[in-house]
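The values are calculated or read from the model by the stated rules, or taken from the named source; none is laboratory data. What you see is a predicted model, and the numbers here were worked out from it, not measured in a lab. Note that each Cβ is placed from the backbone with ideal geometry, even for glycine, and that neighbours are counted across all protein chains shown. For accessibility, only protein heavy atoms count, side chains too; no ligands or nucleic acids. Shrake-Rupley method; radii C 1.70, N 1.55, O 1.52, S 1.80 Å.
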Amino acid sequence: MQEEEEKQNAAATVKIGDLPEDMLIHILSRMSLKDAVRTSVLSRRWRYLWMYTSGKLEFDDRYDRDITLLDDADERSGIVIKRKKFKTWVKHILKLHRGQRVDSLVIRFTNLRLRYLSSDIDSWIYFAVKKEVKVFELNLSVEDGFHCGYKFPNIEKLLSRSRELKVKSPVFGSLRSLRLVDVDIDDEVVKYLLASCTCVEHLCIRASNATKNLEVVDPLANLKELEISDCCNLESLEISAKNLVSCTYQGKEISSPFKKTPNLTELTLGGEFCHSFIFEPNKHSSYSAQLVKLVLNLKTLVGGGAFSLFLVSLCLSCISLSYKSLTLSCPNAFCQTSERTNVPCDLPQLDSLKRLELNTVTKIGESFLFFLSLIKASPNLHELKIKVNFPTF
């Protein structure tokens, strides 16, 4: 009896090596790129299976330490070696890939310094076009603020290359998420992509020096999240997307970009525009009343009164309004007296606001009293977070 059960269990057991190749490829597609590549040493059958995966291809030079070679080189030459090895690694993997499609391509190259790499970066974009990716992220940012000046291919180049690759029109037609950081992209290219990528749900353009007059307007039936940040040459921005839910804008003060955004409930602001929202609230009353979540990122504060007075007033406000959540993070904080006189007191009512967050880097003694106006204008606030960082110099 026991022997029969053992035979039945053995017959019911299926070894992973016995599965058909399409099922194995499906499993590998759910693994990280490095883990999928490592399976190539298992046997001759597994050697090339990873090349047909359709999942996520992610390259990040901050974490791909296996391709970093410093040896006895000095810091400068070590960075050059790392840059070249990372570029070679990406090129090698993309060249070997044989699958028809890739769901996601993420490349974060933070050690870019030389412009001669532009042709290599172009090839990464064309790979994404050829594989009809749904998620594409290209991040060339550097912590020290260096801007590499890489230019996203123009419309003519995109169309020409897509024809050579025999890609179905339109270019990036399957795209659902596009994230470009420290990549210069022209307004015309953004307009073309928005018109072509009818399925796009998330768009992020950060630190693009070529973006000047941007229009994000309907028909954009699926666009839910938008970020436009640190585009130093931006002169105008128009956002008219009826299904947009979440938006981040950090940059210079411009005329209100929010034209038709009836479903916008989450907003993150930074830079000069954030100051305008605080100290010129009536300019933003057309959309501020519908916000449920508001995040303000400020580098410096201008207002009246001292930080200690703010804390006392804040605690009293929280008690009277019965907040469900209050978080204060003020590392290395101490108080000095500083009197100012331009605290706004005529904020429009933010009746829908439930979550309010302030993140700031400020000098000791700068005022936070302006924030009390926001609190008092938000009778239904449930959660309040304040994070303050003081410079150590």
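In order along segment 187-196, the Karplus-derived 3J(HN,Hα) couplings, from 6.51 cos²θ - 1.76 cosθ + 1.60 at θ = phi - 60°, round to 4, 5, 5, 4, 4, 5, 5, 5, 6, 8 Hz, and Gly and Pro are given as x.
Of all lysines in the structure, the ones whose alpha carbon falls short of 24 Å from that of LYS87, not counting any fewer than 8 places away in one chain, are LYS34, LYS56, LYS95, LYS130, LYS131, LYS134, LYS151, LYS157. With contacts taken as Cα pairs under 8 Å at a separation of at least 6 residues, segment 116-207 carries a relative contact order of 34 percent.
Need one number: nm distance between label points at GLU357 and CYS199, each 7 Å from Cα along Cα→Cβ, rounded to one decimal. Output for this residue pair reads 2.9 nm. Here is the list for segment 93-164: chymotrypsin sites (Phe, Trp or Tyr not before Pro) lying in DSSP coil, each with at most 15 other C-beta atoms within 10 angstrom of its C-beta, are PHE146.
Length available on full extension from ALA221 to ASN263: 0.36 nm per residue minus the Cα-Cα distance, which gives 13.9 nm. Placing +1 on the Cβ of every Lys and Arg and -1 on the Cβ of every Asp and Glu, with no other charges, gives segment 154-228 a dipole of roughly 380 debye about its Cα centre. FRET efficiency for the pair SER246 and HIS382, taken as 1/(1 + (r/R0)^6) with r the Cβ-Cβ distance and R0 = 22 Å, rounds to 0.75. Taking 0.36 nm per residue of sequence separation and removing the Cα-Cα distance, the ASP187/SER236 pair yields an extension gain of 16.5 nm.
Taking 17 Å as the straight-line reach from the Cα of LYS387, the lysines in range (excluding those fewer than 8 positions away in the same chain) are LYS293, LYS299, LYS363.
In this calculation the C-beta distance from ASP18 to GLU58 is compared with R0 = 22 Å, giving a FRET efficiency of 0.15. Within straight-line reach of LYS15, meaning a Cα separation under 17 Å, sit the following lysines at least 8 residues removed in sequence or on another chain: LYS7.
Spin-label model, ARG44 to GLN349: label points 7 Å out along the Cα-to-beta-carbon direction sit 7.8 nm apart. Label positions at ASN213 and ILE254, each projected 7 Å from the Cα along the C-beta direction, are separated by 1.1 nm. The residues of segment 87-157 expose on average 48 square angstrom of accessible surface per residue, using a 1.4 Å probe on protein heavy atoms.
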